[in-house]
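Enquirer: Please read through the structure below; I'll follow up with questions.
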Amino acid sequence: MKLVLFCMMISFLLSGCTPTEPEEVPQTETVAPTISMEQNTFKEEKKFGTYEVSDNWVFLENYSGEESAYYAKNGEEITNQTSYIAVEYRQNQYTKEEYDTLVSAILYQLKLELKEELYHNLITESFTSKNGYSVFRVESNDQQNEFDVKTTQYYIAGEKAHVLVQVTNFGQENIEEIAKNIVESFVWREITI
């Protein structure tokens, strides 16, 4: 449970991160994700955008809010070991053109928050979604807690905002494919604040 709360805390902290130059950060590479579109999906419409979710996954109303949505596999009992996907809208100070600065800020914040070993073993990549958005992906595997957990975060860059699609995986098969489909199908909506 502590690890799940820690992962959620990281996503909240990154909403207003400010970059400073870290000593060293993991290397970023450009990689296009592969997706199998064999799954049936339903369209989610939020105030910040739309995306598709596998129909084998259900919306967790009790954990979600106006700017966040949590999903778990249909029929899964909700415990501190339940794999889930979170889709969260966060404002930041960066324009779409400042994508590299956003990535630096995310990495710097992770360096402050994660154990040194976890930070140095992060897997990162950048790619452009099929709808033309810059996406930064960060993967962390924590095998030093009571339960092994893999956390993957996708940051979809917008105009002074980003959407974080976070996967917290305690061994759920195909969860990465479900999250990639959310990322690839995501379309920003114009938000007036």
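Enquirer: With all protein chains present, calculate the accessible area of residue 41 using a 1.4 Å probe and round the result to the nearest 10 Å².
Expert: Only protein atoms counted, so the area is about 60 Å².
Enquirer: Then there is this: Set Lys and Arg Cβ to +1 and Asp and Glu Cβ to -1, take the dipole of segment 95-188 about its Cα centre, and tell me which of 108, 152, 183 lies farthest positive.
Expert: The one lying farthest along the dipole's positive direction is 183.
Enquirer: May I ask which residue of 95, 119, 135 lies farthest towards the positive end of the charge dipole of segment 31-180, with charges of +1 (Lys, Arg) and -1 (Asp, Glu) on Cβ and the Cα centre as origin?
Expert: Comparing the listed Cα positions along the dipole, 95 ranks first.
Enquirer: Does segment 69-127 come out rounded, prolate or oblate, given a ≥ b ≥ c as the square roots of the eigenvalues of its C-alpha gyration tensor, rounded meaning a/c under 1.5 and, failing that, prolate meaning a/b above b/c?
Expert: Cα axes put segment 69-127 in the oblate bin.
Enquirer: Which residues in segment 116-137 have a backbone N closer than 17 Å to a point placed 7 Å from the Cα of residue 187 along the Cα-to-Cβ line?
Expert: Hits in segment 116-137 for residue 187 at 17 Å: 129-134.
Enquirer: I've got another one for you. Assuming a ≥ b ≥ c are the square roots of the Cα gyration tensor eigenvalues, decide whether segment 96-193 counts as rounded (a/c under 1.5), prolate (otherwise, with a/b larger than b/c) or oblate.
Expert: oblate
Enquirer: Give me the 1.4 Å probe accessible area per residue for segment 50-193, excluding ligands and nucleic acids, in Å².
Expert: That works out to 47 Å² for each residue.
Enquirer: Right, something else. Convex hull over the alpha-carbon atoms of segment 113-155: what's its volume per residue in Å³?
Expert: Convex hull of Cα atoms, per residue: 75 Å³.
Enquirer: Can you give the FRET efficiency for residue 112 and residue 58, using 1/(1 + (r/R0)^6), R0 = 22 Å, r = Cβ-Cβ distance, to the nearest 0.05?
Expert: 0.05
Enquirer: Still on this structure, I have one more. Determine the gain in length on full extension of the stretch residue 45-residue 120; use 0.36 nm per residue of separation and subtract their C-alpha separation, reporting nm with one decimal.
Expert: Going from the current span to full extension adds 23.3 nm.
Enquirer: While we're looking at this one, here's another question. Provide the gained length on full extension for the span residue 96 to residue 147, in nm with one decimal, where the gain is 0.36 nm per separating residue minus the Cα-Cα distance.
Expert: That works out to 14.6 nm of additional length.
The values are calculated or read from the model by the stated rules, or taken from the named source; none is laboratory data. Predicted model, so just to flag it, every value in this text is computed and none were measured. Please note: Cβ atoms are built from the backbone with ideal geometry, for glycine as well, and neighbour counts cover all protein chains shown. Calculation scope for accessible area: heavy atoms of the full protein, side chains included, ligands and nucleic acids excluded. Shrake-Rupley method; radii C 1.70, N 1.55, O 1.52, S 1.80 Å.
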